[in-house]
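Okay, so here's the structure we're looking at.
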There are 2 protein chains.
Amino acid sequence: MAGIDDVAKLAGVSTATVSRALSGRGHVSAGAKAKVEAAAHELGYVVSSNASSLATGRTRNVGVVVPFLNRWFFSSVLEGAQQALLRHGYDLTLYNLAGDGAERGIVFDEFLLRKRVDAVIAISLEVSEGEVARLHDLGKPIVGVGGPIEGVRTLLIDDVAVARLATEHLLGLGHRRIAHIGGDLEFDLDFHLPTNRRLGYEAALQDAGVEPDPTLFAAADFTVAGGHHAALQLLGSPRNRPTAIFAASDEMAIGAILAARDLGLNVPRDVSIVGIDDHDLSEFFGLTTVAQFPHRQGARAVEILMEQLEPAAEAGPPTATALPYELRVRSSSARPGPDAA
Amino acid sequence: MAGIDDVAKLAGVSTATVSRALSGRGHVSAGAKAKVEAAAHELGYVVSSNASSLATGRTRNVGVVVPFLNRWFFSSVLEGAQQALLRHGYDLTLYNLAGDGAERGIVFDEFLLRKRVDAVIAISLEVSEGEVARLHDLGKPIVGVGGPIEGVRTLLIDDVAVARLATEHLLGLGHRRIAHIGGDLEFDLDFHLPTNRRLGYEAALQDAGVEPDPTLFAAADFTVAGGHHAALQLLGSPRNRPTAIFAASDEMAIGAILAARDLGLNVPRDVSIVGIDDHDLSEFFGLTTVAQFPHRQGARAVEILMEQLEPAAEAGPPTATALPYELRVRSSSARPGPDAA
DNA sequence: ATGCCGCGGGGGAGCGCTCCCATAGTCGCA
DNA sequence: TGCGACTATGGGAGCGCTCCCCCGCGGCAT
């Protein structure tokens with residue numbers, strides 16, 4: 001393996017100049033720079049990140065901590081973060097904290113603190129104040145995505161507004177009996193997402209002069225099966241059947257569409273269904289939804305970290321934290337049928 | 001931040017002893033080891049992986065290269081690999097090569113070779129011989145999962161056998177007109193998976209004395225939408241309609257189930273459907289499938305790397321490369337209806 | 001007794017960079 | 001012409017470990 005000395009020798013300069021030429025820090029004449037680059041290329045030289053990190057104290061590596069890997073939201077955020085990091089020349093070290101607390105302790109004690117990473121992105125993960133404090137003491141920035149973390153800059157869509165938008169879409173179509181499939185409370189201990197989406201739903205109804213009907217709420221976990229189960233209850237009996245369902249996630253909404261079909265109901269003729277996410281499968285199911293853009297959220301998280309990690313970089317826009325969302329109307333929502341109106 | 005010197009001072013020993021005590025290499029008396037551990041704990045000392053890597057030349061970090069993050073197979077393998085690596089005290093650096101070749105070159109030239117990783121796991125990714133050679137020259141082991149790579153130890157299920165098993169299940173139920181939804185050829189340039197599964201399907205038919213009917217094959221990409229589209233063609237007209245469909249993946253199979261429903265056909269009464277994977281959603285859809293276990297495949301890949309990276313470790317079983325698979329019969333397959341038989 | 005071996009432990013070189021400091025040259029302006 | 005400011009470059013300490021080499025000691029066979 002070629003080292004910096006080999007490059008220096010070949011280029012006829014000192015190692016200091018090689019370092020400067022390749023890193024862009026400090027002054028190097030154009031000629032010297034060209035010679036160094038040619039030599040480096042010829043030798044197939046790549047700086048040793050270890051040696052570089054040791055000397056600088058920076059690793060150009062960020063740790064990403066996720067609770068799940070195989071769910072759409074998480075993998076999308078991860079993908080966005082990865083690509084953004086790559087553009088900045090950073091590596092991404094992945095920590096998948098699947099549930100149990102044992103791994104978690106190891107990751108925090110041994111890995112994150114091992115000077116392996118310069119910063120941390122926590123995706124929808126509860127991080128204790130103590131953990132945040134430790135990272136802070138080490139001078140490692142942390143940003144959260146998709147779940148509020150005490151004392152940490154966090155990226156998340158305005159769940160209340162998103163739910164409101166979805167509900168208003170249904171109200172605008174003329175629906176009045178609108179059910180909601182939301183997360184159960186246990187889940188809410190970590191994120192306020194289910195609560196917030198329910199609040200947005202209720203607020204939209206009230207603004208339209210519709211009193212929320214507790215019998216039109218069904219709790220479920222954020223899966224197709226959960227949404228299916230909940231929708232069967234909601235749509236099960238013809239009397240008092242809602243004309244529309246707003247589900248807190250697309251996976252739930254897809255479950256609801258399938259449940260409606262199972263009951264012989266036509267979507268959207270007999271029941272309109274909307275979700276939140278714009279999941280991969282939503283287009284296939286013609287699901288009307290409010291898109292959030294987890295891919296961009298991951299990228300945004302990286303930008304925020306870069307502002308702190310590399311203050312020298314372009315100042316960038318003044319960090320607008322309002323995350324975009326967008327109603328995507330497809331075929332699963334329509335005006336209620338005449339008998340319902 | 002406490003360094004090794006601080007620990008040495010507090011424990012009243014030399015840094016060499018601290019290093020030995022903490023790494024387990026070399027001889028240290030029990031007493032000294034206890035003192036060192038106590039001191040390290042008291043100071044919250046964690047070895048700097050950079051300094052350690054620089055001195056040893058080993059990073060305890062493996063690079064995982066994946067083409068997609070948000071597909072069930074990939075994220076499952078990734079999860080399995082991550083957990084296995086964590087158990088071995090290794091980190092996982094993720095490289096998501098989404099399509100284009102530009103990123104790819106950067107990753108190989110700058111990142112993987114940057115002495116950042118000790119080994120590489122390539123998931124269903126075509127790796128050129130040149131790339132393999134470079135890694136080999138650097139002494140970095142590489143193992144593939146889910147796609148054959150020239151000259152590299154690769155983990156993948158026996159696609160022919162799996163397809164055969166699925167097809168034989170249908171044959172055993174009495175089906176004779178069995179259609180197949182498989183990958184298209186373009187996709188096959190990378191992996192031989194679609195071809196192999198088709199071969200297994202045809203072999204099973206021939207062994208049962210059924211001549212494969214080319215009109216009962218439909219190409220699709222490996223998605224729900226792809227399977228749906230293909231199944232609509234296959235099941236579209238009542239004449240010559242197959243009594244069963246074997247899809248090369250569960251996502252395709254689920255698309256086929258939905259297509260059957262759209263056509264007013266009952267699964268399994270009018271048509272049986274089986275897939276391959278045991279995808280998360282398969283249970284919900286009652287899909288009969290041949291489970292492969294990507295999570296374990298990821299873990300297995302790690303074990304193989306560890307055998308090379310840490311020869312000192314337990315010798316382990318003699319590396320049986322036969323990967324497990326298992327038929328899971330659910331409600332989507334049954335004997336063909338009387339009119340079909 | 002003597003030599004040898006194995007174990008426990010210390011000193012310190014060296015891993016491959018970065019960056020501080022020093023030096024030399026160049027330019028512009030008083 | 002002189003001086004400060006700035007650019008270009010080299011020398012070399014030091015980042016925080018690991019591990020080679022060395023020493024000392026006790027036990028054991030010769």
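The values are calculated or read from the model by the stated rules, or taken from the named source; none is laboratory data. Please read these numbers as outputs of a predicted model, since none were measured by experiment. Every residue, glycine among them, receives a Cβ derived from its backbone with ideal geometry; neighbour counts consider all protein chains shown.
What about B:Ala8, is it away from DNA strand C (no atom under 13 Å from the Cβ), at pLDDT 95 or above and more than 14 Å from chain A (Cβ to nearest Cβ)?
Against the criterion (away from DNA strand C (no atom under 13 Å from the Cβ), at pLDDT 95 or above and more than 14 Å from chain A (Cβ to nearest Cβ)), B:Ala8 does not qualify.
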Worksheet item: Does segment B:100-122 include one or more residues that are part of a loop (DSSP other than H, G, I, E, B), of a type outside the set (Val, Ile, Thr), under 18 Å from A:Leu85 (Cα atoms) and more than 7 Å from every other protein chain (Cβ to nearest Cβ)?
Response: yes
Item to complete: Specify the residue that is farthest from DNA strand D (Cβ to nearest atom); the eligible residues are those in segment A:3-21 that are of a type in the set (Val, Ile, Thr) and under 17 Å from A:Gly44 (Cα atoms).
Response: A:Val7
Worksheet item: Just to be sure, is A:Leu94 within 9 Å of another protein chain (Cβ to nearest Cβ), more than 12 Å from DNA strand D (Cβ to nearest atom), in contact with a strand residue (DSSP E or B) (Cβ under 7 Å, 6 or more places away or on another chain) and not in a helix (DSSP H, G or I)?
Response: yes
Discussion item. Test of understanding: among B:Ala81, B:Ala39, which residue is crowded, with 20+ Cβ neighbours inside 10 Å, modelled with pLDDT of 95 or more and within 15 Å of DNA strand D (Cβ to nearest atom)?
Written reply: B:Ala39
Discussion item. One residue is enough: does segment A:123-137 have a residue meeting the conditions in contact with a Lys or Arg (Cβ under 6 Å, 6 or more places away or on another chain), in a strand (DSSP E or B) and within 25 Å of A:Asp277 (Cα to Cα)?
Written reply: no
Practice prompt. Go through segment B:107-135 and give me each residue that's under 18 Å from A:His41 (Cα atoms) and in contact (Cβ under 8 Å) with a residue 24 or more places away in the chain.
Written response: B:Val107, B:Phe108, B:Phe111, B:Leu112, B:Leu113, B:Lys115, B:Arg134
Item to complete: Run A:Leu85 past the list (1) touching a Leu at 6+ places or on another chain (Cβ under 7 Å); (2) more than 14 Å from chain B (Cβ to nearest Cβ); (3) not in a strand (DSSP E or B) and report the number of the one that doesn't hold.
Response: (2)
Practice prompt. Evaluate the following for A:Ala16: is it more than 22 Å from A:Val117 (Cβ to Cβ), more than 10 Å from DNA strand C (Cβ to nearest atom) and not assigned by TED's automatic domain parsing to the domain that holds A:Leu112?
Written response: no
Worksheet, complete the sentence: Selection from segment A:58-78 of residues within 16 Å of DNA strand D (Cβ to nearest atom) and more than 9 Å from every other protein chain (Cβ to nearest Cβ) yields A:Arg58, A:Arg60
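Go through segment A:32-56 and report how many residues are within 12 Å of DNA strand C (Cβ to nearest atom) and either free of Cβ contacts under 8 Å to residues at least 40 places away in the same chain or in contact with a helix residue (DSSP H, G or I) (Cβ under 7 Å, 6 or more places away or on another chain) (or both). Let's see the steps before the verdict.
Within segment A:32-56, the subset within 12 Å of DNA strand C (Cβ to nearest atom) is A:36, A:40, A:43-56.
Remaining after also requiring either free of Cβ contacts under 8 Å to residues at least 40 places away in the same chain or in contact with a helix residue (DSSP H, G or I) (Cβ under 7 Å, 6 or more places away or on another chain) (or both): A:36, A:40, A:43, A:45-56.
Of the residues in segment A:32-56, 15 are within 12 Å of DNA strand C (Cβ to nearest atom) and either free of Cβ contacts under 8 Å to residues at least 40 places away in the same chain or in contact with a helix residue (DSSP H, G or I) (Cβ under 7 Å, 6 or more places away or on another chain) (or both).
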Worksheet, complete the sentence: Of the residues in segment A:231-260 that are of a type in the set (D, E, K, R) and more than 31 Å from the chain's Cα centre (by Cα), the one that is nearest to the other protein chains (Cβ to nearest Cβ) is A:Arg241
Worksheet item: Applying the selection to segment B:34-57, what residues are hydrophobic (A, V, I, L, M, F, W, C) and either facing chain A (nearest Cβ under 8 Å) or within 27 Å of B:Val302 (Cβ to Cβ) (or both)?
Response: B:Val46, B:Val47, B:Ala51, B:Leu54, B:Ala55
